[in-house]
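Below: one structure, written as C-alpha cells.
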Amino acid sequence: MRDVEQLSQEHQQRLASVSERVLRDRTLILASNRGPVEFRRNEFGQIEGSRGSGGLVTAISAVSRLVAPVWIAAAMTEADREQAATADDRLIEWRNEDARFNLRFVVPDAEDYRRYYNEIANPLLWFLQHYMWDAPRTPNITEDVWAAWAAYERVNAAFADAIFQEIERADHRALVLLQDYHLYLVGSLLRQRVQPATLLSLFVHIPWPGPDYWALLPQQMRDAILRSCCALDVIGFQTNRYRRAFLNTCLAYLPEAQIGYSENTVTLDGHTVHLNVYPISIDVPGLLHMAETSPTVRDHRYRLRGHLGDQTIVRIDRVEPSKNIVRGFQAFELMLEKYPEHRGRVKFLSFLVPSRLSVEEYGRYLEEIMIRVGWINTRYGTGEWQPIELFVGDDYERGIAAMQLYDVLLVNPIIDGMNLVVKEGATVNATGGVIVLSEGAGAAEQLAEGVLMVSPSDIVGTAEALHQALTMPLTERYRRAALLKRLVAEDDIAMWLYHQLEDYEALLERAQTAASTAAPSGDERAGTTAEPQMVAAADGADHVRSNM
C-alpha cells in the first residue's frame, strides 16, 4: 500500500479540487445539534473555545482552508449562550491553525431544548433507529411525549429560521448540509422558503430501520419526518442496507410517492430526493500521528502493558444497550468453558464510556454489565489471574493505547450506523490483531474481507470466533490486519466528504442543463435569468450515483 501520508495528501488534493469547483459560487452552510467549537470559562473567568473532535469537524476543517463555512449549532454551555448574545451580526469567527468557521448558535428555550434532546431525539428516535424499544411495552406515546414532540418541532423551526437567514444574506446560492436525526423537520421548513437553486442535503449518521419498526411512531410524527426528508435534494446513508430501508419505509407510508429502487430516488409532490451511500470514516494520518507521538498515549500504553495477558481481547464502547456488551462477555465466558486452554492466559480488557446514564435503560444496562463481569471473574478467576478488567471513564487516549496492543478486538453491536472503533483499531494496532465484528455494524459492509464476522445475537458463534482469532496463524493475522489498514486508509474522512461534494456537483450540473433546456428562447427569454432547479428528469429516472 502507498504510504499513508502520501495517500492522505492525494485525498486532500481531490477534496480541495472538488471544493473549489463546487463552492466557488456557493455558500456552504452546515447545521448540527453540536457545533465544531464549544466555549467554556477557564480558571481565570475568561471564555475560551475548544475545537470539537470527530470526523465531521476534521472533514469540514479541510474545506474551510478554502472557504469559511457557516456552521449553525445549538448553544450547549452557558459560555456558548454568552457568545451568542454578544456576537457581531450573530456570527462568531473561529480560527485556528487548520480551520476557520463562521459559527452561529441557535439558543432555544431551555425547556424546549431539554425535551427536544432528552425526550424525542434521545431516547425516542435514537431507540427507534437502533431497534432498542421493547415493542410490547415501549414506547408509550403519552401526552408528555406529544408535548416533547411540539418542543422538537419548535427547536427544528429555530434551526430552520437561522439557516434561512444565513441563506438570505449569503453572497452566493447556498449548499446546506444538515446532520442527523436531531434536525429531521428542517428540510420541509426550508423547502417552503428557499429558491429552488438552494441545494438541501441531510446525512443520517445512525441506522435507518425498516418500515415495520417505524410503525411504533404515530402517523403524524412519522409522516412529518418522511415528508421533510423527501423535501431534500440528497440524503446520505452509512450503508446500502439503510438506504434500501428508507425506500421501503417511503413505499409503506407515502402511497402517493414514486419510489425509484434502481435509481435510488423518491419523488413526492413533484420533487425528487436522491439517496446515496457515504460510509463515514476517520482522519487516518491524524490518528496515527497522535498514536505515535502523544505522551499521554505513550504513558497509557506503558501502564496497560501491566494488565495484558499472554493474549489480550479488547473492547471499547459507550455504555448503551445497542453495543451488546453483555452478550460479548457471555461469549467470552462460553469460550473459557469450551476451551480451557485459554484460562489463565487470555485477558479481556473492556473500556466503558458512560453514556446517558440519566436514561433508565442505560443505568440498568450498566448494572447488568457489572453483574455479568463479577460472575465470570468469580467463576474463573484465580489469585493470579482475573479474566476481565473494566476501565470506566471517557479517556480517548487510553482507548487508542489499548487498540495499539490488542490481539483481538471485539466489536459486536446489535446495530450501529458505522462504528468507528473498528476503523480506529485497524489503523493503530501494531500487533497483527484480529477483529471480530458484528454484522450489525455499518462498518461490516466495507470491512467484511478482513474481519471475522458474527451475528450479534449468536453467543456460540461469537465464542468460536474469539477462539479462532486467538489461535489464528501469525501469517493470516498480519494479512488480515494489513488488508484492513488499506481499506480504511483508501476511504478516509476526506474521501467521505469528497464523494458528497462530487455528487452535489453532478446534481447541480444536471439541474443547470435541465433548466437551460426548459427555459424559453429568443424574445420570450429576454431580460430573464434561468434559475436551475433540483428536479428529476421527466421519466423519474434521474439519479446522481448508485454508489457502493
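Some points to look at:
- Checking A401, A443 one by one, the residue that is within 18 Å of the chain's Cα centre (by Cα) and of a type in the set (A, V, I, L, M, F, W, C) is A443 and no other.
- Looking only at residues in segment 371-395 that are among the aliphatic types (A, V, I, L, M) and in contact (Cβ under 8 Å) with a residue 12 or more places away in the chain, the one that is nearest to R345 (Cα to Cα) is I388.
- Looking only at residues of segment 103-147 that are of a type in the set (F, W, Y) and open to solvent by 50 Å² or more (accessible area, probe 1.4 Å), we find that the one that is nearest to G35 (Cα to Cα) is Y117.
- Taking the numbered list (1) open to solvent by less than 40 Å² (accessible area, probe 1.4 Å); (2) over 23 Å from the mean Cα position of the chain (by Cα); (3) under 30 Å from D503 (Cβ atoms) in turn, G45 passes all entries but (3).
Rundown of residues vs (1) more than 22 Å from the chain's Cα centre (by Cα); (2) polar (S, T, N, Q); (3) open to solvent by 10 Å² or more (accessible area, probe 1.4 Å); (4) farther than 28 Å from Q195 by Cβ, yes/no style:
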| site | (1), (2), (3), (4) |
| --- | --- |
| W214 | no, no, no, yes |
| M221 | yes, no, no, yes |
| G236 | no, no, no, no |
| N240 | no, yes, yes, yes |
| A245 | no, no, yes, yes |
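- Selection within segment 415-472 - in a loop (DSSP other than H, G, I, E, B), of a type in the set (S, T, N, Q) and farther than 17 Å from F332 by Cα: N419, N429, T431
- For segment 409-444, filtered to residues that are closer than 25 Å to L474 by Cα and of a type in the set (D, E, K, R), the residue that is surrounded by the most Cβ atoms within 10 Å (Cβ to Cβ) is K423.
So that you can scan it fast, the table gives a plain yes or no per residue for (1) open to solvent by 20 Å² or more (accessible area, probe 1.4 Å); (2) farther than 22 Å from W126 by Cβ; (3) of a type in the set (G, A, S); (4) touching a strand residue (DSSP E or B) at 6+ places or on another chain (Cβ under 7 Å):
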| residue | (1), (2), (3), (4) |
| --- | --- |
| P285 | yes, yes, no, no |
| M290 | yes, yes, no, no |
| R305 | yes, yes, no, no |
| Q311 | yes, yes, no, yes |
| L349 | no, yes, no, yes |
| R372 | yes, yes, no, no |
| R379 | yes, yes, no, no |
| F391 | yes, yes, no, yes |
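- Restricting attention to segment 148-184, the residues being of a type in the set (A, V, I, L, M, F, W, C), closer than 22 Å to R90 by Cβ and open to solvent by 10 Å² or more (accessible area, probe 1.4 Å) number 5.
- Of all residues in segment 9-26, those that are without any contact (Cβ under 8 Å) to a residue 12 or more places away in the chain have Cβ atoms under 9 Å from Cβ atoms of residues that are buried (at least 20 other Cβ atoms within 10 Å of the Cβ), 6 or more apart or on another chain, in Q9/P285; S17/Y498.
- When I72 is tested against (1) within 23 Å of the chain's Cα centre (by Cα); (2) within 19 Å of V107 (Cβ to Cβ); (3) open to solvent by 10 Å² or more (accessible area, probe 1.4 Å), only condition (3) is not met.
- Elements of type helices (runs of 4 or more DSSP H) contained in segment 1-114, each with 2 or more residues being modelled with pLDDT under 85: 55-64
Listed here are the residues, each with its yes/no results for (1) farther than 17 Å from R327 by Cα; (2) under 35 Å from the mean Cα position of the chain (by Cα).
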residue: P340; (1), (2): yes, no
residue: R343; (1), (2): yes, no
residue: S355; (1), (2): yes, yes
residue: R372; (1), (2): no, yes
residue: I376; (1), (2): no, yes
residue: Y380; (1), (2): yes, no
residue: W385; (1), (2): yes, no
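The values are calculated or read from the model by the stated rules, or taken from the named source; none is laboratory data. Bear in mind that the values here come from a model prediction, so they are computed numbers and not experimental data. Glycine gets a Cβ as well: all are built from the backbone with ideal geometry, and neighbour counts include every protein chain shown. Side chains included, ligands, DNA and RNA excluded: accessible areas come from the protein's heavy atoms. Shrake-Rupley method; radii C 1.70, N 1.55, O 1.52, S 1.80 Å.
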